[in-house]
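The values are calculated or read from the model by the stated rules, or taken from the named source; none is laboratory data. Please read all numbers here as calculations on a predicted model, not as lab measurements. Methodologically, a virtual Cβ is constructed for each residue, glycine included, from the backbone with ideal geometry; neighbour enumeration extends over all protein chains shown. Just so you know, the surface numbers come from the protein's heavy atoms only, side chains and all, with ligands and any DNA or RNA stripped out. Shrake-Rupley method; radii C 1.70, N 1.55, O 1.52, S 1.80 Å.
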Amino acid sequence: MTEIDTSVPHSARIWNYWLGGKDNYPVDEAAGDAYTAVFPGIVTIARSSRAFLGRSIRYLVAEAGVRQFLDVGTGLPTVDNTHEVAQRLAPESRVVYVDNDPLVLAHARALLTSTPQGVTAYEDLSLFEPAKILEAASRTLDLTRPTALILSGILGHVADYDQARALVRGLLAGLPSGSYLSLNEGSRGTDPAYERAQDAYNETGAVPYFLRPVEQIAAFFEGLDLVEPGIVSVPLWRPEPSGQAPQPIGQHGGVGRKP
C-alpha cells in the first residue's frame with residue numbers, strides 16, 4: 001500500500017476536519033485552522049455541501065425511485081455517506097464508490113459496509129478514466145437501469161473546464177435514460193471572501209481547487225432535465241423546514257435527469 005505522508009496537509013483530511021471527522025492529523029488541523037482564520041465560512045460551505053448531498057440522495061431514493069448510485073471522488077468517509085443515506089430509505093440500494101487517493105483507499109473498509117439486502121463496492125480508479133469507471137461499476141450495478149451519478153466537490157480539481165465537462169459527459173453516456181446527476185461545486189459570484197481565500201490557498205503549492213462561475217456549473221447539466229429548483233446555492237436546494245431562511249453561499253449545485 002502507498003505510504004501516507006502525515007507531515008504534509010492533505011485536502012481530503014482538511015475537508016474531513018471541517019466536517020467534524022476524526023481522520024486527520026495535526027498538520028491538517030493546522031492548515032484547516034489557517035484557512036478558517038482567513039475565511040471562517042469554509043466550515044459552513046463544507047457542511048452545506050454534505051447536507052445537499054444527503055437531501056439530493058433522499059430525493060433520488062424517495063421521489064425518483066433510484067436504487068443505484070455511482071459516487072465518483074468519494075473522499076474520506078464521515079457521517080451520512082451515500083450508501084448510509086440511500087440504504088436507510090431503501091435497504092436494497094446498491095452503491096459503487098470510486099476514488100484513487102491512497103488515503104481514502106486506506107479507509108475503504110469503513111465505506112465497505114452495507115445492509116444485507118444491498119451492496120456497497122469500492123473501485124480504485126481515477127475520475128480521469130470514465131470508461132474504466134463504467135466498466136468497473138457494471139460489476140456491481142445494472143447499468144441498463146437508472147443510476148444516479150454523484151459528483152460532490154470533485155470537478156474543481158480538474159483545472160481545464162472543457163476536460164471537466166468531457167468527463168461528466170463520458171460518465172453520463174454510459175448510463176441509461178432515467179438516470180440522474182447530483183453535482184455540487186465551489187462557485188464564484190456569491191462570496192468574494194471565499195474566492196480570495198481559495199485563490200490564496202491554490203497559490204500555496206497545495207493541490208488546487210478551482211471555483212467556477214455558476215453558469216459553468218450549470219453547463220455540466222447540459223442535456224439533462226433539471227429537477228426544481230434548478231441550479232442554486234446548495235442551502236437553497238429543497239431545504240429542510242426550519243425557522244431560519246437559508247442563506248446563499250459560494251457552493252452551487254443541483255440534480256438533473258437524463259431524458
Share of accessible surface on carbon and sulfur in the chain, whole %, 1.4 Å probe and ligands ignored, is 53 percent
With every protein chain left in place, what is the accessible area of SER242 in Å² (1.4 Å probe, nearest 10)?
-> 90 Å²
Excluding the sites themselves, what is the longest stretch of the chain that contains no trypsin sites (Lys or Arg not before Pro) in a DSSP loop with at most 11 other C-beta atoms within 10 Å?
-> 140-259
Difference of contour (0.36 nm per residue) and Cα-Cα distance, ALA245 to THR115 | 43.3 nm
Stretch gain in nm, segment ALA131-HIS157, where the contour uses 0.36 nm per residue and the Cα spacing is subtracted | 7.4 nm
Rounded to the nearest whole Å², what accessible area per residue is found for the range 123-232 with the 1.4 Å probe?
-> 44 Å²
Apply the Karplus parameterisation 6.51 cos²θ - 1.76 cosθ + 1.60, with θ equal to phi minus 60°, to every residue of the range 209-222 and state each ³J(HN,Hα) to the nearest whole Hz, in sequence, with x for glycine and proline.
-> 10, 9, 6, 10, x, 4, 5, 6, 5, 4, 5, 4, 9, 4
Calculated [θ] (222 nm, deg cm²/dmol) that DSSP helices of n ≥ 4 give over the chain, each run adding -39,500 (n - 2.57) | -11000 deg cm²/dmol
Using a simple spin-label model with points 7 Å from Cα along the Cα→Cβ vector, what separation in nm is obtained for VAL8 and LEU89?
-> 4.0 nm
Taking the Cα-to-Cβ direction at ALA106 and at ASP124 and moving 7 Å from each Cα, how far apart do the two end points lie in nm?
-> 1.4 nm
Put a dot 7 Å past each Cα toward the Cβ at ARG47 and GLU203; how far apart are the dots in nm?
-> 3.0 nm
